[in-house]
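To start, the structure under review is shown below, and the notes come after it.
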Amino acid sequence: QVQLVESGGGVVQAGGSLRLSCAASGSIFSINEMAWYRQTPGKQRELVAAITDGGSINYADSVKGRFTISRDNAKNTVYLQMNSLKPEDTAAYYCKVVYVNTWNRARLQYWGKGTQVTVSS
């Protein structure tokens, strides 16, 4: 069993900043990848940023230069620092982890429940 606790969402004016956090716990042997996705009503969930255990990072073109993903391996936590926010960044943000579980070393993925980010103009 894995738990993901997301925090940091809220309402902010355009140009402002927010920092999202996602802490993973449970039957985790190791975490390969941690990522943030976002989704608005009627649209597909899209990748915002991802970071691997080796430190490789991938960003959506729409957030490059504004968002920064980082992780604390000791805490199994991933962060998303969001600066220069725009109204089009308004969405539900979801954390996803790709991990190896402790009991049979299977590689699995797990999603958080999401946190809402609203950027007002």
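Return the carbon/sulfur percentage of the accessible area of the chain, one whole number, probe 1.4 Å, all protein chains in place. In the chain, the share of accessible area belonging to carbon and sulfur is 47 percent. With contacts taken as Cα pairs under 8 Å at a separation of at least 6 residues, the chain carries a relative contact order of 35 percent. Between V100 and F29, the distance separating the two model label sites (each 7 Å from Cα on the Cα→Cβ line) works out to 0.6 nm. Charged side chains reduced to their Cβ positions (Lys and Arg at +1, Asp and Glu at -1) give the stretch 1-102 a dipole of some 120 debye around its Cα centre.
Once both labels are positioned 7 Å from their Cα atoms along Cα-to-Cβ, the gap between K43 and R19 label points is 2.6 nm. Taking the stretch 40-61 and a reference point 7 angstrom along Cα→Cβ of Q116, the backbone N atoms nearer than 17 Å belong to 40-43. Give the cross-link partners of K43 among the aspartates and glutamates, using a straight C-alpha distance below 20 Å as the criterion and excluding same-chain residues fewer than 8 apart. Partners found: D61, E88, D89.
Annotation: per residue accessible area for the stretch 1-120 equals 52 Å², rounded to a whole number [probe 1.4 Å, protein chains only]. Straight Cα distances below 18 angstrom link K64 to the lysines K86, with same-chain residues fewer than 8 positions distant left out. Among the chymotrypsin sites (Phe, Trp or Tyr not before Pro) in the stretch 34-121, those placed in a DSSP loop whose Cβ has at most 15 other Cβ atoms within 10 Å are W103. Could you list, bin by bin from short to long, the percent of Cα-Cα pairs of the stretch 37-121 in 5 Å steps? So the P(r) values, bin by bin, are 3, 12, 22, 25, 18, 10, 5, 3, 1, 0. PRE reach from K75 (point 7 Å along Cα→Cβ): which of the stretch 9-50 fall under 20 Å by backbone N? Once the point is set 7 Å along Cα→Cβ of K75, 9-10, 17-37, 49-50 turn out to lie under 20 Å by backbone N, inside the stretch 9-50.
Annotation for the stretch 1-89: trypsin sites (Lys or Arg not before Pro) lying in DSSP loop with at most 13 further Cβ atoms inside 10 Å of their Cβ are K43, K64.
The values are calculated or read from the model by the stated rules, or taken from the named source; none is laboratory data. On a predicted model such as this, the values are computed, not experimentally measured, just so you know. With ideal geometry, Cβ positions are generated from the backbone for all residues, glycine too; neighbour counts draw on all protein chains shown. Heavy atoms of the whole protein, side chains included, go into the accessibility calculation; ligands, DNA and RNA do not. Shrake-Rupley method; radii C 1.70, N 1.55, O 1.52, S 1.80 Å.
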